[in-house]
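Q: What follows is a structure written as structure tokens; I'll ask about it next.
The values are calculated or read from the model by the stated rules, or taken from the named source; none is laboratory data. Here the structure is a predicted model, which is why all the values come from computation and not from measurement. Cβ atoms come from the backbone with ideal geometry, glycine included; neighbour counts cover every protein chain shown. For the accessible areas, the whole protein counts, side chains as well, though only heavy atoms, and no ligand, DNA or RNA atoms are used. Shrake-Rupley method; radii C 1.70, N 1.55, O 1.52, S 1.80 Å.
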Amino acid sequence: MKIGFHASHEQFKPGELLNLVKLAEKAGFNTAMCSDHFHPWGKNQGECGFAWTWLGAALNATSLPFGVVTSPGQRYHPAIIAQAAATVGEMFPDRFWIAVGSGQLLNEGITGERWPTKTERNERLKESAAIMKALWSGGTVTYRGYINIEDATLYTRPKKSPLLIGAAISVETAEWIGGWADGLITTSKPKEELQNIIKAFHRGGGKGNPIYLKAQLSYDKTEEEALNGAWEQWKTNAFKNRVQTELKIPEQFDDASELVKPEDIHSKVYISADIEDHIKKLEEYNKLGFEHIYLHNVNRSQKKFIEDFGRKVIPAL
């Protein structure tokens, strides 16, 4: 099992995140990942650096493997993402994977284009994934559909293409990506929901491929601080996916979260100031089959989280 540090660009400046990921490696974390957003989920988070610039610096500053979750098709043409991933993969062999999802209006809406329906976004994502894989294989790609590309060839490619992981938070999407992705990444949920997502991914054709988990937690000195920190930073993420994908700007997430109470965050984040609680929860995730678990401590108390988990949680696992 790999225990990773999630670097949240929406919450911290890139320079601070670079220091944190170096601290995480020193503490014993053996992998890392980051988000690729244009906007934060709310104004309290307050940051949003460019993930691709940061990834080059982070891979060079550590020996950790890294992943990134992004969305080709609107904000980025998939050929550009394919080129970016190929460049990272060539410089840092066998240390980089990429996950793709259908995206949120929060990030993709900056182009001013029409925001497609979920069905259209899924088709666009599948086309994007096929284009990226074709470019990584060395082919010259021309295609017209939701995505248009003409006479594109990647001249700089890694010896081994990066894994192209599919991002899914619903059973339906997990089953669908099982047919074309090299693996699955999802977010922490109750045990039964995660079991259903894994089964759906296997049913769709993904059996035998790796499954990754982004585990959202809040750990701090006291239970109260852990709860309040999660509420202050992550209450804008307390909604169902159909809401998360349709709001356009951070202020709308702030408005929508005005009625979210601290106790409501428990449904989205595992909150505890007790190390043993977190060990038991991570063991539960591992027994479900997750080989890579990326820990996102959603509050701002990152150094304590890294140091305490490095001393007690990672050795116990």
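Q: For residues that are in a loop (DSSP other than H, G, I, E, B) and over 25 Å from residue 235 (Cβ atoms), scanning just the range 19-40, find the one that is most open to solvent (accessible area, probe 1.4 Å).
A: The selected residue is 30.
Q: (1) under 30 Å from residue 164 (Cβ atoms); (2) among the aliphatic types (A, V, I, L, M); (3) open to solvent by 60 Å² or more (accessible area, probe 1.4 Å): which one isn't true of residue 213, the others all being true?
A: For residue 213, the failing item is (3).
Q: So which residues in the range 26-65 are aliphatic (A, V, I, L, M) and in contact with a His (Cβ under 7 Å, 6 or more places away or on another chain)?
A: 33, 51
Q: Which of the residues spanning the range 41-73 are touching a strand residue (DSSP E or B) at 6+ places or on another chain (Cβ under 8 Å), under 20 Å from residue 292 (Cα atoms), of a type in the set (Ser, Thr, Tyr) and in a loop (DSSP other than H, G, I, E, B)?
A: Matches in the range 41-73: 62 only.
Q: I need every pair where a residue in the range 119-130 that is surrounded by fewer than 18 Cβ atoms within 10 Å (Cβ to Cβ) has its Cβ under 9 Å from the Cβ of a residue that is part of a helix (DSSP H, G or I) and not hydrophobic (A, V, I, L, M, F, W, C), sequence separation at least 6 or different chains.
A: From the range 119-130, the pairs are 130/78.
Q: From 89, 103, grab the single residue that is outside any helix (DSSP H, G or I), surrounded by 14 or more Cβ atoms within 10 Å (Cβ to Cβ), in contact (Cβ under 8 Å) with a residue 40 or more places away in the chain and in contact with a strand residue (DSSP E or B) (Cβ under 9 Å, 6 or more places away or on another chain).
A: 103
Q: Also, I was wondering about something else. Does residue 157 satisfy the condition of being assigned to a loop (DSSP other than H, G, I, E, B), charged (D, E, K, R) and either within 26 Å of residue 89 (Cβ to Cβ) or within 17 Å of the chain's Cα centre (by Cα) (or both)?
A: In short, yes.
Q: Further, regarding this structure: In the range 247-281, what residues are β-branched (Val, Ile, Thr) and open to solvent by 50 Å² or more (accessible area, probe 1.4 Å)?
A: 249
Q: Any chance you could count how many residues in the range 131-164 are surrounded by fewer than 13 Cβ atoms within 10 Å (Cβ to Cβ) and of a type in the set (Ser, Thr, Tyr)?
A: Residues that pass the stated criteria total 6.
Q: Same structure again: Report yes if residue 304 is under 18 Å from the mean Cα position of the chain (by Cα), closer than 28 Å to residue 18 by Cα and open to solvent by 50 Å² or more (accessible area, probe 1.4 Å), otherwise no.
A: no
Q: When the range 75-86 is examined, which residues are found to be open to solvent by 10 Å² or more (accessible area, probe 1.4 Å) and either touching a strand residue (DSSP E or B) at 6+ places or on another chain (Cβ under 6 Å) or without any contact (Cβ under 8 Å) to a residue 40 or more places away in the chain (or both)?
A: 75, 76, 79, 80, 84
Q: Right, here's the next one. Residue 115 - would you say it is modelled with pLDDT of 95 or more, open to solvent by 20 Å² or more (accessible area, probe 1.4 Å), outside any helix (DSSP H, G or I) and touching a Lys or Arg at 6+ places or on another chain (Cβ under 7 Å)?
A: no
Q: Is one or more of the residues making up the range 191-199 in contact (Cβ under 8 Å) with a residue 12 or more places away in the chain, outside any helix (DSSP H, G or I), open to solvent by less than 10 Å² (accessible area, probe 1.4 Å) and not polar (S, T, N, Q)?
A: no
Q: A further question follows. Considering only the range 172-203, state which residues are small (Gly, Ala, Ser) and closer than 27 Å to residue 298 by Cα.
A: Those that are small (Gly, Ala, Ser) and closer than 27 Å to residue 298 by Cα: 174, 183, 188.
Q: Looking for whichever is within 21 Å of residue 186 (Cβ to Cβ) and out of contact with any Leu (no Cβ under 9 Å at 6 or more places or on another chain) here; the options are 237, 297, 286. Which one fits?
A: Answer to the selection: 237.
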